[in-house]
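Have a look at the structure below before the remarks.
Just so it is clear, none of the values below were taken in a lab; they were calculated from the coordinates. Predicted model only: the values in this text are computed from it and were never measured.
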């Protein structure tokens with residue numbers, strides 16, 4: 001994160017005689033300058049990669065503001081829900097029954113799109129660049145084969161998912177997918193179809209086959 005230094009004497013800043021200001025840093029804009037205590041709009045500032053000399057601007061307030069803003073941005077991200085080996089756990093049948101359900105995860109959807117959609121599909125990834133995703137819908141993903149790494153940007157933790165592992169992505173989750181080899185998973189999402197399976201279009205069975 002670059003430091004901000006003023007190019008004129010303190011009196012120029014506090015009196016508002018500076019005519020033009022700018023701030024350039026990832027994720028921030030000139031509007032951020034207005035929040036510095038004692039800062040006048042349109043002050044002439046320069047961005048340096050390191051702190052050189054003594055700044056006439058109280059940088060402690062500015063750094064504190066940026067830190068709080070960055071923490072707020074990070075806090076808006078929602079961590080994933082991961083259950084390792086979910087598909088390998090034993091499921092007992094109720095006495096006298098030959099079938100049962102075994103629910104293990106449930107949320108109230110926060111997807112706001114109307115009409116609502118529920119879509120299922122397969123996810124395939126091979127070794128290569130990380131694949132970023134920022135969720136405005138929910139997704140449940142179950143790894144069938146291979147290995148999928150998921151970097152959770154809310155926590156900084158990379159989850160190494162293998163067959164049997166379950167992952168749930170909330171509205172507000174932000175991740176990066178990758179793999180050292182290849183990975184294959186089933187997913188269900190609260191969004192419309194984006195990329196139809198090229199070999200499964202029109203394959204829904206119209207009638208049950210006995």
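Under the criterion of Cα pairs below 8 Å and six or more residues apart, the relative contact order for the range 101-196 equals 41 percent. Using a/c under 1.5 as the rounded threshold, could you call the range 91-176 rounded, prolate or oblate? The axes a ≥ b ≥ c are square roots of the C-alpha gyration tensor eigenvalues, and prolate needs a/b larger than b/c, oblate otherwise. Because a/c hits 1.5 or more and a/b fails to exceed b/c, the range 91-176 counts as oblate. Here the range 149-209 and the range 72-126 have alpha carbon centers that stand 11 Å from each other.
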